[in-house]
Amino acid sequence: MRHGMVSEIRWVVCILALASMTGSAFADPRVATTRKDLYLFGSQPTTPDEIDFEFLREADVCAACHGDYTESQSPYERWRYTMMAQAYRDPIFQAAFQIANKDIGNAGEFCLRCHAPMGWFQGRATATDGSSLDPLDYEGVSCSICHRAVDPDYKPGISPSVDQDVLAALGFDRPPQAGQGGPLANGHMVIDNLDRRRGPFDLGQFFFHEFLQSNFHVTSDVCAACHDVSNPAYTKSVSGGGQVTYTLGSLDSKHPTGNKYDMFPVERLYSEWAASSFATGAVTQTIPDGLGGFVGRYGGNGMTAYSSCQDCHMPPVQGTGCAPFLGSPVRPNVPQHNFAGANTWVLKSINDLYPPEESRLEDPAMINAAIGRAVTMLQLASDTELKVIGDNLRVRVINETGHKLPSGYAEGRRVWINVKFFDASSNLINERGAYDSATGTLTTSNTKVYEQKQGLDSAASILSGLPTGEGFHFALNNVILKDNRIPPRGFSNAAFAAVQAEPVQATYADGQYWDDTYFVIPPGTASTQVNVYHQTSTKEYIEFLRDNADNPILPGDLVQPPANSNATTLGDLVHEQWVKWGRSTPTLMDTAATLARACKPDLGQQGGLLGADGLLNNNDFIVFIDLFFTQSPLADFGSQGGVAGSDGVLNNNDFIAYIDAYFAACP
Ligand code: HEC
Ligand code: HEC
Ligand code: HEC
Ligand code: HEC
Ligand code: HEC
């Protein structure tokens, strides 16, 4: 009772304080959801004065021992330059969060659980716009959040036995068990009420702090609570005809089942992984080491096969998990806290918007190194293969990640194919998927863009007053209009449909983890250059944030414009930052070149000059032989067995394929 009273009083104080500071924060939302509508299982906010809940320690406490030594080994030195450490400061989050608060009531109950968990779990997320958080909560997904996480699905003999008490103490807040969304929880995170730091190792006789060896921490399940995002305001229903809809039930009531697969699937990254072959065992993935051998694609000390999220996102190195002067043993498998993903620019923006002593982004070289790791991940994420088939160029993009490509946060993320066709004098004759870096505009109509698009159905439109169809209103979206993102190895339509991650407006056969796109080769093409790009934040998304996060920036607000800025709203500021940092410069994931020549024997003009003249005669033979003996890639007409197609090698096969093409008078 007493605790209830205290938090009640805090509530009122907060509202009063806020109402005088930021008038607009409490304007009526489009849909008046309450905290109950957004309730998720797992540990609930605790009031800090509750005696049985030990404080979640901030990262500075850990830095004393786990920081300030070899950067690649130190958990703290890597963690602070990650998007997870910046999940609350992130200006893109802040803008989306402001919009979510205008769209639904009490959005903070939902968003802050994952983006400011330090504050949420300790009962400081009472103001749903985040204004009641303590500055310490701005450190986002902090050490203590992951290292006090308890497996919501107790595994006898594997989980630490004290977990039973932690779970029992949750009472009715206990997440549904296996098969009901339990281990695959959605923000259903369970935090140990005591400060027992859980990790992969048995530290034996250990005096620095309480620890528990935890198998949960070496499995992907420890990431599941946050890397599947489901909107509990919506309930799934299936009509007699099998049509799935997500409807807003009666307001001020908990979700009827609490199972994330009955909610609207905002993100399904963890479930995609769980339905892939990475979840059933390690998948060998190597790349050439440049010395004639092969190394593991995602690094890791001696690793060549990958299974869990940690394998790819925390590849281990030899070193110490704590400062060596404390006697920390050298281990062959200290996990690097890299967490590099798809974000290639927002760290720079955070550094521009916050004093470094606050963001802990103190070293510009380390910011660049962290962004470099994300770029490397994107380069490793796919392989692109080209094949000339008749008059078509086939571009095959292969997904080498453990989930869809791209995956996770769908708003703004995209991958696309850019094709350039050149004539024999290397003049550009046609381009598909052209990107204008001066404006950030992508020509989407003549190429393939891999992306997911969400939006509103007519029922959600009527309730919210927003138009139906495609849009970025994250908290209100209830339909998936497009999802042609490439599935991972082990894909099956049934398994992906079961976790609400089926392709939409696209078809993938069971087992298919690549995608083919055919481009007609324009006449006169001598060679083709294909580039596959990834972009973190598109112009369309940033313009949406600019136009909708339109509350005036007030003196007490978290994000303040830097000295040289003209922005008066958060949306303006985000747009300004996006422009300033290169409009989210696309990352070149793959590049491949081919000669669109397999069936184009018309190589020579009068006198054996290079260039097509519409006739097949001696001139063409002369030019072909010239090209062959000068080792020109233009003579690469054949692959194995004289089959038409380039293979990067000049040999007999090319003669055979050329003569075939000549006598077939192939166009
Ligand atoms: C006084 C020094 C000190 C402080 C402060 C400290 N640690 Fe540790 N911690 C250690 C040492 C030493 C190890 C052992 C490293 C090893 O053996 O690889 C360790 C190990 C760990 C492990 C591994 C546990 C396992 O079973 O694998 C975790 C997790 C951990 N610490 C988390 C934290 C967190 C989170 C904080 C801050 C809230 C923190 N530590 C603060 C000294 C410290
Ligand atoms: C086989 C390696 C591999 C495994 C396993 C893997 N990932 Fe990834 N992940 C990647 C690569 C490569 C990228 C970069 C390409 C991209 O963004 O899709 C990536 C991207 C991401 C992103 C950024 C997505 C975005 O667009 O914002 C997140 C978040 C992520 N992974 C989390 C996870 C989690 C959580 C798991 C486990 C459930 C996991 N990954 C398993 C390789 C892997
Ligand atoms: C997103 C979750 C996450 C965050 C945030 C995180 N860790 Fe970890 N940490 C892990 C996981 C998972 C492992 C085990 C990985 C494995 O073994 O594959 C780990 C391993 C460790 C270890 C074991 C290494 C050793 O040799 O003992 C230490 C210590 C550690 N973390 C400390 C920290 C500290 C300190 C911070 C904050 C600066 C931090 N972690 C932030 C997830 C996290
Ligand atoms: C408490 C919730 C939480 C947990 C647990 C968690 N994450 Fe995250 N993670 C986030 C949030 C929130 C972000 C997005 C931060 C942002 O972009 O503002 C994120 C971002 C990331 C990114 C970067 C994405 C990008 O776009 O670049 C990677 C990679 C990632 N997480 C991997 C992991 C892995 C691996 C684990 C498990 C070891 C894990 N996360 C556990 C909440 C969590
Ligand atoms: C269940 C945990 C969870 C909840 C709840 C959640 N998020 Fe996130 N959010 C994540 C994770 C994990 C990522 C990183 C995903 C990735 O990069 O693939 C993320 C990424 C984002 C990003 C991308 C940031 C960037 O720099 O590109 C934005 C914006 C965002 N979330 C806004 C919100 C808003 C607004 C809400 C509330 C309406 C919300 N999130 C609720 C887990 C969550």
Open item on the list: Condition (residue is closer than 18 Å to V479 by Cβ and either open to solvent by less than 60 Å² (accessible area, probe 1.4 Å) or away from ligand 4 (no atom under 14 Å from the Cβ) (or both)) applied to the range 249-260: is it met by at least one residue?
Closed with: yes
Task: Of all residues in the range 639-659 being small (G, A, S) and more than 12 Å from T594 (Cα to Cα), the one that is modelled with the highest pLDDT - done: A657
- [ ] For the range 411-437, name all the residues that are in contact with a Gly (Cβ under 7 Å, 6 or more places away or on another chain) and over 11 Å from S527 (Cβ atoms).
- [x] W416, I417, N418, V419
Open item on the list: List pairs: first residue in the range 333-348 and outside the structural domain of Q318 (by TED's automatic domain parsing), second residue crowded, with 23+ Cβ neighbours inside 10 Å and aliphatic (A, V, I, L, M) anywhere in the structure, Cβ distance under 8 angstrom, at least six positions apart or on different chains.
Closed with: none
Open item on the list: Under 8 Å between Cβ atoms, which residue pairs at least 6 apart in sequence (or on different chains) link something in the range 489-501 that is part of a loop (DSSP other than H, G, I, E, B) with a partner that is of a type in the set (F, W, Y) and modelled with pLDDT of 95 or more?
Closed with: R489/F278; R489/Y513; G490/F278; G490/Y513; F491/Y508; F491/Y513
Task: Filtered residue count, the range 309-333, keeping only those that are open to solvent by less than 40 Å² (accessible area, probe 1.4 Å) and either more than 30 Å from S382 (Cβ to Cβ) or not acidic (D, E) (or both) - done: 13
TODO: Output the number of residues of the range 124-177 satisfying the condition of being out of contact with any strand residue (DSSP E or B) (no Cβ under 6 Å at 6 or more places or on another chain), more than 16 Å from ligand 2 (Cβ to nearest atom) and in a loop (DSSP other than H, G, I, E, B).
DONE: 26
Open item on the list: It is to be established whether one or more residues within the range 319-329 are in a helix (DSSP H, G or I), of a type in the set (G, A, S) and more than 16 Å from ligand 2 (Cβ to nearest atom).
Closed with: no
Open item on the list: Of the residues C143, C111, only one is within 22 Å of the chain's Cα centre (by Cα), hydrophobic (A, V, I, L, M, F, W, C) and away from ligand 3 (no atom under 14 Å from the Cβ); which?
Closed with: C111
TODO: Mind telling me which of the residues Q73, Q94 ends up being in the same structural domain as G321 (by TED's automatic domain parsing) and in a loop (DSSP other than H, G, I, E, B)?
DONE: Q73
Task: Test for Y76: is it crowded, with 20+ Cβ neighbours inside 10 Å, among the hydroxyl-bearing types (S, T, Y), touching a residue at least 12 places away in the same chain (Cβ under 8 Å) and closer than 24 Å to L326 by Cα - done: yes
Open item on the list: Name the residue that is farthest from ligand 5 (Cβ to nearest atom), counting only residues in the range 261-311 that are over 16 Å from T401 (Cβ atoms) and among the small types (G, A, S).
Closed with: G292
Open item on the list: Being of a type in the set (D, E), surrounded by 18 or more Cβ atoms within 10 Å (Cβ to Cβ) and either part of a loop (DSSP other than H, G, I, E, B) or out of contact with any Asp or Glu (no Cβ under 8 Å at 6 or more places or on another chain) (or both) is the filter here; which residues of the range 210-233 pass it?
Closed with: D228
Task: Any chance P406 is closer than 30 Å to L248 by Cα and touching a helix residue (DSSP H, G or I) at 6+ places or on another chain (Cβ under 8 Å) - done: no
Open item on the list: Tally up the residues in the range 76-104 that are more than 21 Å from the chain's Cα centre (by Cα) and under 24 Å from P335 (Cβ atoms), please.
Closed with: 2
TODO: Looking only at the range 363-388, count how many residues are in contact (Cβ under 8 Å) with a residue 24 or more places away in the chain and away from ligand 5 (no atom under 14 Å from the Cβ).
DONE: 15
- [ ] For the range 135-159, enumerate the residues that are of a type outside the set (V, I, T), under 22 Å from V61 (Cβ atoms) and more than 16 Å from ligand 5 (Cβ to nearest atom).
- [x] P135, L136, C143, S144, H147, R148
Open item on the list: Yes or no: the range 198-209 includes at least one residue that is under 30 Å from A107 (Cβ atoms), in the same structural domain as M303 (by TED's automatic domain parsing) and in a loop (DSSP other than H, G, I, E, B).
Closed with: no
Open item on the list: Go through the range 332-362 and report how many residues are of a type outside the set (A, V, I, L, M, F, W, C) and within 13 Å of ligand 5 (Cβ to nearest atom).
Closed with: 5
Open item on the list: Restricting to the range 448-465, and then to whatever is assigned to a loop (DSSP other than H, G, I, E, B) and in contact with a strand residue (DSSP E or B) (Cβ under 6 Å, 6 or more places away or on another chain), can you tell me which residue is farthest from ligand 5 (Cβ to nearest atom)?
Closed with: K448
TODO: Can you confirm whether the range 347-361 contains a residue that is among the hydrophobic types (A, V, I, L, M, F, W, C) and more than 20 Å from P135 (Cα to Cα)?
DONE: no
Task: Checking V388 against (1) over 19 Å from the mean Cα position of the chain (by Cα); (2) surrounded by fewer than 22 Cβ atoms within 10 Å (Cβ to Cβ), the condition it does not meet - done: (2)
TODO: Inspect the range 334-350 for any residue being open to solvent by less than 10 Å² (accessible area, probe 1.4 Å), out of contact with any Ser or Thr (no Cβ under 9 Å at 6 or more places or on another chain) and under 25 Å from E576 (Cα atoms) and give the result as yes or no.
DONE: yes
TODO: Name the single residue, out of those in the range 466-483 being crowded, with 18+ Cβ neighbours inside 10 Å and β-branched (V, I, T), that is farthest from ligand 3 (Cβ to nearest atom).
DONE: V479
Task: Filtered residues of the range 79-113 (kept if more than 21 Å from T126 (Cβ to Cβ), touching a helix residue (DSSP H, G or I) at 6+ places or on another chain (Cβ under 8 Å) and not charged (D, E, K, R)) - done: W79, Y81, T82, M83, A85, Q86, P91, I92, A95
TODO: Would you be able to say whether some residue in the range 111-126 is modelled with pLDDT of 90 or more, assigned by TED's automatic domain parsing to the domain that holds C223, surrounded by fewer than 24 Cβ atoms within 10 Å (Cβ to Cβ) and within 16 Å of ligand 1 (Cβ to nearest atom)?
DONE: yes
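The values are calculated or read from the model by the stated rules, or taken from the named source; none is laboratory data. Just so we're clear, the structure is a prediction, and the values are computed from it rather than from any experiment. Glycine gets a Cβ as well: all are built from the backbone with ideal geometry, and neighbour counts include every protein chain shown. Just so you know, the surface numbers come from the protein's heavy atoms only, side chains and all, with ligands and any DNA or RNA stripped out. Shrake-Rupley method; radii C 1.70, N 1.55, O 1.52, S 1.80 Å.
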